Amino acid sequence: MKGFVFFDLDGTLLNGESKVDVATAEAIQTLKGNGYEPFIATGRSPAETRDIMESANIHSGIFMNGQVVLYQEQIIYSSQIPTETVEKFHQMVKEDGYGLTAYNHERFYLVASSEGAKDAYGFIHTNPPALKEDFYKENPVNMLLFICLPPAEEKYKEAFPHLDFLRNTPYSVDVITKGNSKAEGIKRFLEYLNQEDAKTFAFGDGPNDIEMLQAVQHPVAMGNALPILKEIAEFITTDNTDNGIVNGLKHYGLI
C-alpha cells in the first residue's frame, strides 16, 4: 500500500445532489489500482452511506466524526455514548421541543420528532428516519443528531461537558464523545495497521474537516470550502461540482 486518501462526503466527494459523479467513481477506481486505499471520512454513519460506498467502491471509513472506524468493512474502533447520557439528553430535548436521532453503525432512528427533521435531512437530500423513541434503551448509540437551529446547542454544551457538539448544517448538530474526531479516527487506523509513516491525503470543505486536514501530510481544500480550510490546505482544488476530487488527485499524481 502506497498511502491512504480520506474523503469527506457532503460538499466534497458528493455532488450537489449528494451523489457520486461517474468521473469521481472512475477516479477512485484508478486510485485503488495505483496502490492507494480510499477512505470515507464523514459525520454520517455506515448505515446511511451504504449506497454511497457501493457507488464509489470504497469499503473503509471514519464515520460519525471518528466514533466508528471501519477497515475493509470490519470495525476496528467504536466509541459509544452511555445509555444514561442519551436518556438525559433525550428528556431535555423533548422538554425543549427539538428533534433527536440516535445512531449506531447498523441503524438509526428518530427518538424525538420535530418539524425541523425535514429540513435537517432534506439538506443532504434524504428523508427523516422512522420514529422509535426507545431505540437507545436496547441498542448501543455512537452518535446523536441534535435537530435545532443555532444557538440552541449552547445550553446543551453546558449541560453535557463530556460531549462534543459539531454543527455541520444550519439545522442540526452532531453530538459525539469528547475527544473523538475524524483526525483521531485516522490516527487510530494508522496505529492499527502500524502505518503511522504512510503517505496520507485528505479532502474536505467544512468545519469538521479542520482537524482532519491538519492530521495528514497533504491537506486538500475543495474550491467551495470554508476560508479557514483553504488557509491550512497545501492545495486548493476546484469545487465538488466541478471535478474537485479528480483534479485534486491529478495534482498529486495519484491518478
Scope segment 31-55; condition in a helix (DSSP H, G or I) and closer than 23 Å to residue 213 by Cβ; matching residues = 31, 32, 46, 52, 53
Do we find a residue being modelled with pLDDT under 95, out of contact with any helix residue (DSSP H, G or I) (no Cβ under 9 Å at 6 or more places or on another chain) and not basic (Lys, Arg) anywhere in segment 89-107?
-> no
May I ask you to say which residue of 213, 193, 149, 163 is among the aliphatic types (A, V, I, L, M), farther than 30 Å from residue 87 by Cβ and modelled with pLDDT of 95 or more?
-> 213
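For segment 1-58, which positions are of a type outside the set (Gly, Ala, Ser) and more than 20 Å from residue 71 (Cα to Cα)?
Those that are of a type outside the set (Gly, Ala, Ser) and more than 20 Å from residue 71 (Cα to Cα): 10, 12, 14, 15, 17, 19, 20, 21, 22, 24, 26.
Results for (1) in the same structural domain as residue 143 (by TED's automatic domain parsing); (2) among the acidic types (Asp, Glu), shown as yes or no for each residue.
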| position | (1), (2) |
| --- | --- |
| 54 | no, yes |
| 57 | no, no |
| 61 | no, no |
| 106 | yes, yes |
Segment 1-30 - residue that is outside any helix (DSSP H, G or I) and of a type in the set (Val, Ile, Thr) and, of those, nearest to residue 200 (Cα to Cα) = 5
Tell me which residues, restricted to segment 93-112, are in a strand (DSSP E or B) and in contact (Cβ under 8 Å) with a residue 40 or more places away in the chain.
-> 99, 100, 101, 102, 103, 108
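Among the helices (runs of 4 or more DSSP H) lying completely within segment 141-255, list those that include at least 2 residues that are farther than 15 Å from residue 5 by Cβ, among the basic types (Lys, Arg) and in contact (Cβ under 8 Å) with a residue 12 or more places away in the chain.
182-192
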By residue number, the members of segment 120-135 that are assigned to a helix (DSSP H, G or I) and either on the phi > 0 side of the Ramachandran plot or touching a residue at least 24 places away in the same chain (Cβ under 8 Å) (or both) are 120, 135
Over segment 150-208, the set of residues among the aliphatic types (A, V, I, L, M) and loosely packed, with under 13 Cβ neighbours inside 10 Å is 159
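The values are calculated or read from the model by the stated rules, or taken from the named source; none is laboratory data. Only a predicted model underlies this, so the values are computations on that prediction, with no experimental measurement involved. No Cβ is skipped: glycine too gets one built from the backbone with ideal geometry, and neighbour counts run over all protein chains shown.
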